[in-house]
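Visitor: Here it is, the structure, as structure tokens.
Each value in this text was obtained by applying a stated rule to the coordinates, not by laboratory testing. Because the structure is a prediction, the values reported are computed rather than measured. Cβ coordinates were reconstructed from backbone atoms using ideal geometry, including for glycine residues, and neighbour counts include every protein chain displayed.
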Amino acid sequence: MRPYLLQLAFVLTGLVLVISVSLLFHDTRVLTIATLLVFIIGYLALMYFLKISPAIKIFWRLDKIYFLFIGIVAGILIQGIPFFITNHAAFGRETFLEMFSQVTLSGLFFTFLIVLWEELWFRNPILNLAETKKQQILLSIYIGLLFATIHLLNIKVNLNIEGPELMLAGTLLTISYYASRSIWLPIGLHFGNNIFSSMLEKSNLVASGTDTGIKNELVLRWVILTIAIGIVFLYWLDKKKTAV
């Protein structure tokens, strides 16, 4: 029970800190940097008190940074495939150009910083307290549920509709942390997803205007996320066999 209780305590503490920092800073860029600094301190504090610094260093190794780029591509595909399948008829060259015109270096940079503090929040050193594969799988699902539940505080989120997607996404990010033994893969997946979502939002592009189109895209996202979890899990199993 220790990792579960510690994770819950850290997530709730992080939530209080996020709210507190948001009350101090109103400029979004300053707020992003301040929040990141808060979670860096919290992350380092956990490393110190849990006495698992050597294990954590493995997950930040720069020779595994290629997982970041794999994750970015995968994150864009996970978000993009369902959208394009349900909206392909409405897309032309102009639509693609409009989407990519929304991408700026500044936007990418601050999106990355937001992703980074969110990953430090949920993919923290507490995860390394789970030593067996069974414990890691159960903790991954637990964090997925926790990630979905925390969105109850966001009045814009309808958990009846978005809850399953949030739970699957939280589970995928955590299991990818364990499977790759690297923080870079969940950061990449999260960043790729946020890039694509931001492009759609800024371009005012949404799922096809009917309820059926929106529901079809939502179900497809659930399916794609479930497949992605399966792929990561199979990679994890194959990696374990190779190591034996």
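Visitor: Working out 0.36 nm times the residue gap between L44 and L77, then minus their Cα-Cα distance, what length gain in nm do you get to one decimal?
Guide: Details: separation 33, 0.36 × 33 = 11.88 nm, distance 3.26 nm.
Taking L44 through L77 to full extension adds about 8.6 nm, to one decimal.
Visitor: Given only helices, namely DSSP H runs of n ≥ 4 each adding -39500 (n - 2.57), what is the per-residue ellipticity at 222 nm of the chain, to the nearest 500 deg cm²/dmol? Kindly include the intermediate steps, with their values, before the conclusion.
Guide: On the way: 10 runs with 193 residues, N = 244.
Result for the chain, helices only: -27000 deg cm²/dmol.
Visitor: If you build the convex hull over the alpha carbons only and average its shadow over all orientations, what do you get for the chain? Give it in nm² to one decimal. Don't skip to the answer; put the middle values down first.
Guide: On the way: hull surface 56.5 nm².
About 14.1 nm², averaged over all directions.
Visitor: So the label point goes 7 Å from the Cα of S53 along Cα→C-beta, right? Which residues of segment 120-151 then have their backbone N under 18 Å from it?
Guide: Within reach of a label on S53, which here means backbone N under 18 Å from a point 7 Å along Cα→Cβ, segment 120-151 contributes 125-126, 128-129.
Visitor: Are there trypsin sites (Lys or Arg not before Pro) in segment 115-176 that DSSP puts in a loop and that have at most 12 other Cβ atoms within 10 Å, and which ones?
Guide: Working: sites: R123, K133, K134, K156; in loops: R123, K156.
Sites meeting the loop and neighbour criteria: K156.
Visitor: Could you check the simple spin-label distance between Q102 and L62, using points 7 Å along Cα→Cβ, in nm with one decimal?
Guide: Computed distance between label sites Q102 and L62 equals 3.4 nm.
Visitor: Taking loop as defined by DSSP and a crowding limit of 10 other beta carbons within 10 Å, which trypsin sites (Lys or Arg not before Pro) in segment 1-58 fit?
Guide: Details: sites: R29, K51, K57; in loops: K51.
Passing sites in segment 1-58 are K51.
Visitor: Per residue, what volume in Å³ does the Cα convex hull of segment 1-82 take up?
Guide: Values: hull volume 13.1 nm³, N = 82.
With only Cα atoms used, segment 1-82 gives 160 Å³ per residue.
Visitor: Work out how much length A34 to E165 would gain on full extension: take 0.36 nm times their residue separation and subtract the Cα-Cα distance, in nm to one decimal. Intermediate values should be presented prior to the final figure.
Guide: Working: separation 131, 0.36 × 131 = 47.16 nm, distance 2.87 nm.
Separation in residues times 0.36 nm, less the Cα-Cα distance, equals 44.3 nm.
Visitor: So what J values fall out for segment 20-33 if you push phi through Karplus, 6.51 cos²θ - 1.76 cosθ + 1.60 with θ = phi - 60°, rounded to Hz, Gly and Pro as x?
Guide: With the stated coefficients, segment 20-33 comes to 5, 5, 5, 7, 8, 10, 10, 6, 4, 6, 5, 4, 4, 5 Hz.
Visitor: Cα atoms only: what Rg and Dmax, in Å, come out for segment 42-178?
Guide: Rg and Dmax of segment 42-178, Cα atoms, are 17.7, 55 Å.
Visitor: Next question, about the same structure. Please report the orientation-averaged projected area of segment 21-67, defined via the convex hull of its C-alpha atoms, in nm². Don't skip to the end; give the middle numbers.
Guide: On the way: hull surface 18.2 nm².
For segment 21-67, averaging the hull's shadow over all directions gives 4.5 nm².
Visitor: Same structure again: A 30 angstrom limit on the alpha carbon distance is what I want to check against. Which of K51/K133; K134/K202; K64/K134; K57/K239; K156/K239 exceed it? Don't skip to the answer; put the middle values down first.
Guide: On the way: K51/K133 21 Å; K134/K202 41 Å; K64/K134 24 Å; K57/K239 20 Å; K156/K239 40 Å.
Too far apart for the 30 Å limit: K134/K202; K156/K239.
Visitor: Now a separate question. Could you calculate the contour length gain from L5 to R181, that is, 0.36 nm times the residue separation minus the distance between their Cα atoms, to one decimal place in nm? Let's see the in-between values first.
Guide: Values: separation 176, 0.36 × 176 = 63.36 nm, distance 2.26 nm.
Residue separation times 0.36 nm, minus the Cα-Cα distance, leaves 61.1 nm.
Visitor: Could you give me the ³J(HN,Hα) list for segment 3-14, computed from phi with Karplus coefficients 6.51, -1.76, 1.60 and θ = phi - 60°, whole Hz, x at Gly and Pro?
Guide: x, 5, 5, 5, 5, 4, 5, 5, 5, 5, 4, x
Visitor: Anyone know which of L23, L44, L15 comes out most mobile in the 10 Å Cα GNM of the chain?
Guide: L23
Visitor: With springs connecting C-alpha atoms under 10 Å apart, model the chain as a Gaussian network and identify which of G107, G80, G42 has the largest mean-square fluctuation.
Guide: Ranking G107, G80, G42 by mean-square fluctuation puts G107 first.
Visitor: Among L46, V157, F110, whose Cα sits farthest toward the positive end of the charge dipole of segment 2-243 (+1 at Cβ of Lys/Arg, -1 at Cβ of Asp/Glu, about the Cα centre)?
Guide: The residue sitting most towards the positive pole is L46.
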